[in-house]
Structure formats: structure tokens, C-alpha cells
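Shown next, in C-alpha cells, is the structure this report addresses.
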């Protein structure tokens, strides 16, 4: 383990977060429809009026009285703005030192062309990443068609990219090797078309086809992705969600072109103050020809009181299932603290395990502001 490379990657990459909705909230509310709080049907990005109300009045320990909160996200009746900004103090055990870093800063805009058609955009001025797409919820049962630049709908879209199912550590554990995580990192967007079919309030199927913006035009096969999610209604405090995802795309490892297939399952339960989420994915020909890779994520959270949650997550990545003792894993222990509306403080301790062992744990104190 080269500590200099480790810390360089830690400081420059570990803090890149893509802003998604939190699935555990949806489980506890027994409403797993992302569009309940977001204009984007698959979640994340700018929040709609219900999402704004939830952030202002529900999750925070202290909420302002209406007369004390004069800022309104609506510029006009059909134009709304939003914001997500993250920064953090990071302590790296390997160098016994701490440093500050910008992580992400996204500005959002949503223009409602009609009750059924929205134009949504995001620009991250820290990472220089953007998305822009039009969504038409014009199909039966509020089903939709989306076109533009966006992130495909795959698996559980938690808000921390260091989960190996969502991009991982970007070769943090073993510098110089292939990325220690699956393809849907914060840098991943595609240009294409997506359709979502709501067969009922409990069954949703999404499918997309497009080109990864990192790939050259016409030189690679398009990415195809699909996701089926089932959220059965139960007359109790119990929320349930499960489903599966699949994707097929072209990747390049060195000078080798790989046609990768990826599939997996996910699920979760929420009861009162507790939630449990899990996802397991398998990728064939992702890190080399005839190589099978898998990734696992399990997250448990408990709301101690309004505005304070304890969160534990376990992530595991096996780059090549044909070889033993080459897996990487980490355990994240932390809290989500919402002292006031649109303010979140996240202290975390991250314990890494790999072979050979190394003292490379980290302590993170993150500030998240959103609107």
C-alpha cells in the first residue's frame, strides 16, 4: 500500500457525492414513489413542493415559523430553483492529519411546461457535471417518457457514492487497479431515452437506452438498463420494497473493449423508526474478459429522535470471484443530524478491510446544505 497515493485519492475522490433522495425515508413513509418528493420520476435532483415541505418541516429538529422563512423556491408559478452543497473535514489515519474539501455543489432548475411536462436541469459547479432532460408524464397511470442527459435507473440510489454498488472508492484501496466499484459513479451520465410504466401503485418498471457521455459517439454500443420495483401495500407501520435491475454496456479496461452485463437484486423494510436496505449486484466482463465481479451494500438506520438518526452501512466488493482473499470491504458508522431546516451534519467513522491489511481508516465530518 502506497500511503501517498492512498491519501491523494482519498482527498480528491472520496468526497464526491451525487445527490439522491434517501430511500429509507420513503420506506418509513410507506411511499416509495420518488416522484412524491422529486420532479425526477426516478428520484434525486430538485425537490417538488412536497419534497420542499418535507425538508423544511419534517426531518429537522427545529423548523422555522412561516413568517420567519421568507425564501421561496418558486420564481414563478411554473419555475422552481433548488440547491445542494456538501463540504467536509476529512481525517486520514495513514498520514495522521486532517484537511477540508469541497465535495459537490449543484444548482437545480425545473420549468413546468404543463401539468404533465417538466424540463429539469442540474449543474454541479464543483465537479462540473450536468444533467438536463424533459419528462412527460403523459402515459396511463402517471407513467412517463424522459429524454436528455440523466443517470439511468439502477438499484438503490443512495446518496453516498463510496458504496461499491454506486461507484465505490475509485481504486482508493489498491491504487493502480481497476475501479473498486460499479459503473454508476457520480461522474456517470448518459444521453438517451427512458420510459417508466406504473402498472399499479405497487409495481413500476423503468427502461432506458442511451450513450455514456464518456464514450465516443458511434464507437461503442449503447447502454441498455432496466429496473423492476415492487412496493406491496400493507395496512400497518411496515413498509416493504424489493426488485431487480439489469444493464448491458461497453467498457474499456486499458486497451481492451469489454461488453459488460450487470444484474442484481435489492430490497428493504421500514418499520416505525427503523429501516434496513440491501443490494447485491453481479457484473460479468466488467474488470476483464471472463471475470465475474460482485458488490454488496447493506444499510441500517434508526431515528433516535426527530432530527437525529444513527446509520450503519456495510459495503463489500469482490473484483474477481475466481480468486480468494481479494475482496475489499468497509463499515461506516455515523449519524445524520438535522439541527435546522435544510441543514444536515454527518459525522462518520469509516473502517476499511483489505488484504494485505493497512491502517487507512478515516473520520469524516460533513456539512450538507440543500434547498
Self-check item: Meets criteria (farther than 27 Å from residue 234 by Cβ and either crowded, with 17+ Cβ neighbours inside 10 Å or touching a residue at least 12 places away in the same chain (Cβ under 8 Å) (or both)) for residue 286
Solution: yes
Exercise. Kindly indicate whether any position in region 184-203 is over 21 Å from residue 131 (Cα atoms), in contact (Cβ under 8 Å) with a residue 60 or more places away in the chain, outside any strand (DSSP E or B) and in contact with a strand residue (DSSP E or B) (Cβ under 8 Å, 6 or more places away or on another chain).
Key: no
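Listed residues 202, 178; which is modelled with pLDDT of 85 or more and over 15 Å from the mean Cα position of the chain (by Cα)?
That would be 202, the only listed residue that is modelled with pLDDT of 85 or more and over 15 Å from the mean Cα position of the chain (by Cα).
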Exercise. Count, please, the residues in region 34-49 that happen to be touching a strand residue (DSSP E or B) at 6+ places or on another chain (Cβ under 8 Å), part of a loop (DSSP other than H, G, I, E, B) and modelled with pLDDT of 80 or more.
Key: 8
Quiz prompt | Number of the exception - residue 135 against (1) surrounded by fewer than 15 Cβ atoms within 10 Å (Cβ to Cβ); (2) touching a strand residue (DSSP E or B) at 6+ places or on another chain (Cβ under 6 Å) | solution = (1)
Exercise. Kindly check whether there is at least one residue in region 50-59 that is modelled with pLDDT under 80, over 20 Å from the mean Cα position of the chain (by Cα), closer than 30 Å to residue 238 by Cβ and not in a helix (DSSP H, G or I).
Key: no
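Could we say that residue 64 is touching a helix residue (DSSP H, G or I) at 6+ places or on another chain (Cβ under 9 Å), over 29 Å from residue 187 (Cβ atoms) and either at pLDDT 90 or above or surrounded by 13 or more Cβ atoms within 10 Å (Cβ to Cβ) (or both) here?
Details: touching a helix residue (DSSP H, G or I) at 6+ places or on another chain (Cβ under 9 Å): yes; over 29 Å from residue 187 (Cβ atoms): yes; either at pLDDT 90 or above or surrounded by 13 or more Cβ atoms within 10 Å (Cβ to Cβ) (or both): yes.
When the stated conditions are applied, residue 64 passes them.
Looking at region 147-164, is at least one residue in a strand (DSSP E or B) and over 27 Å from residue 197 (Cα atoms)?
No, region 147-164 has no match at all.
Examine region 84-91 for a residue that is under 29 Å from residue 347 (Cα atoms) and in contact with a helix residue (DSSP H, G or I) (Cβ under 7 Å, 6 or more places away or on another chain), and state whether such a residue exists.
yes
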Quiz item: Picking from 315, 325, 285, 272, which residue would you name as being modelled with pLDDT of 90 or more and more than 16 Å from the chain's Cα centre (by Cα)?
Solution: 285
Quiz item: Quick check, is residue 137 in a loop (DSSP other than H, G, I, E, B) and either closer than 17 Å to residue 35 by Cβ or at pLDDT 95 or above (or both)?
Solution: no
Quiz item: Do we find that residue 319 is farther than 30 Å from residue 369 by Cβ and crowded, with 18+ Cβ neighbours inside 10 Å in this structure?
Solution: yes
Quiz item: Failed condition for residue 94, given (1) over 23 Å from residue 338 (Cα atoms); (2) surrounded by fewer than 20 Cβ atoms within 10 Å (Cβ to Cβ); (3) out of contact with any helix residue (DSSP H, G or I) (no Cβ under 6 Å at 6 or more places or on another chain); (4) in contact (Cβ under 8 Å) with a residue 12 or more places away in the chain, with all others met?
Solution: (3)
Practice problem: For residue 302, indicate whether it is without any contact (Cβ under 8 Å) to a residue 60 or more places away in the chain, touching a strand residue (DSSP E or B) at 6+ places or on another chain (Cβ under 7 Å) and more than 28 Å from residue 242 (Cα to Cα). | Solution: no
Practice problem: Mind telling me which of the residues 296, 258 ends up being at pLDDT 90 or above, under 21 Å from residue 168 (Cα atoms) and either surrounded by fewer than 17 Cβ atoms within 10 Å (Cβ to Cβ) or out of contact with any helix residue (DSSP H, G or I) (no Cβ under 6 Å at 6 or more places or on another chain) (or both)? | Solution: 296
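The values are calculated or read from the model by the stated rules, or taken from the named source; none is laboratory data. What you see is a predicted model, and the numbers here were worked out from it, not measured in a lab. Neighbour counts are summed over all protein chains in view; Cβ atoms, including those assigned to glycine, are modelled from backbone coordinates with ideal geometry.
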